[in-house]
Amino acid sequence: MDYLSGLNERQKEAVLHTHGALLIVAGAGAGKTKTVTHRIIHLIHEGVSPENILAVTFTNKAAKEMVERVGHMLSGTPSRPMIATFHSLAVKILRENAEKIGFNRHFVILDDADTNSIIRDVLKDLNIDPKQSPIRMFKSVISSQKNNFVSLEEFGKNAQSYNAQVIARVWQKYEEKKIKEKGMDFDDLLLKTVLLFQDHKEILDIYQERWKFIHVDEYQDTNTVQYLLTKLLAKKYGNICVVGDGDQNIYS
């Protein structure tokens, strides 16, 4: 087991824990990513198919680093585990099942410039002065609501203040314009994946069977919708390893 050399005792303990839930809490520079990488290698060494392993990170840079590390240690092995960011994972799932949510697999992913442009058009249509109500304010509220898994309908129903009612109107028009453009913003990618799984248990079952062992790096940074996505995927087998550092938490 050469892949265990260079690990300290606590890292080895985490690597050798293969089934069930595992929480790894460690500070910066403690080798958390190294531990996850070696745990993936150990699972494969123990007979788990690489295709049944999923690892989720928060940035493209982190995903690339993990891909390179795992690839180096699995040289000669044809198949690879799925290593992705939350958003790239959601894109993969949605493109494979786009028709279930009223899109085709070639839907457009809207970037910041696209969403700014759409909201600017919405404000113009509603005669709202962007100097009094900045685009960034609407974007921020809509994004935070989606990340907290709050629907437009729920937000609109609970909109008591005048400002909240204005935001609800802008949000409604924003969604209508996105549909016309066959587009999703970054927050939609995660939100619609969770809704897809909740509304279509047979599709969720496919991915639960595909990824029986799940790893989430920088778990302290997960928001509500990311947490729900992870929970749904791991619910069937319960083989989930999450890695985090409370001192680096960006959410309360």
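The values are calculated or read from the model by the stated rules, or taken from the named source; none is laboratory data. Here the structure is a predicted model, which means the values were calculated and not measured. Note that we place each Cβ from the backbone using ideal geometry, even for glycine, and neighbour counts take in every protein chain shown. Just the protein is used for accessible areas: all its heavy atoms, side chains included, with ligands, DNA and RNA removed. Shrake-Rupley method; radii C 1.70, N 1.55, O 1.52, S 1.80 Å.
Quick notes
- Computed per residue of the chain from DSSP H runs no shorter than four, each worth -39500 (n - 2.57), the mean residue ellipticity at 222 nm is -16500 deg cm²/dmol.
- C-alpha center-to-center spacing [region 183-231, region 159-174] in angstrom: 27
- Label separation (HIS17 vs GLU209): 3.0 nm, computed from points 7 Å beyond Cα along the C-beta direction.
- A viscosity of 1.306 mPa s and a temperature of 10 °C, combined with the Kirkwood radius over C-alpha pairs in the Stokes-Einstein formula, give region 1-122 a diffusion coefficient of 94 µm²/s.
- Protein accessible area in region 135-244, 1.4 Å probe - carbon and sulfur %: 52
- With the whole protein complex present, MET73 retains an accessible surface near 70 Å², based on a 1.4 Å probe.
- In Å², nearest 10: area of ARG105 left accessible to a 1.4 Å probe: 130
- Just checking the listed ones, VAL108, VAL242, VAL15: in the Gaussian network model of the chain with Cα springs under 10 Å, the one fluctuating most is VAL108.
- Extension gain for the segment ARG136 to LYS157, taken as residue separation times 0.36 nm less the Cα-Cα distance, is 5.3 nm to one decimal.
- Cα-projected label distance for LYS124 with TYR237, points at 7 Å along beta-carbon direction, nm: 5.1
- The ellipsoid equivalent to the alpha-carbon distribution of region 103-186 has semi-axes of 20, 16, 11 angstrom, derived from the gyration tensor eigenvalues as √(5λ) and listed largest first.
- Share of pairwise Cα-Cα distances greater than 33 Å in the chain is 28 percent (whole percent).
- Among ALA26, ALA159, ALA113: highest mean-square fluctuation, GNM of the chain, C-alpha pairs under 10 Å: ALA113
- Taking VAL91, VAL194, VAL141 in turn, the Gaussian network model of the chain (Cα-Cα springs below 10 Å) assigns the largest fluctuation to VAL141.
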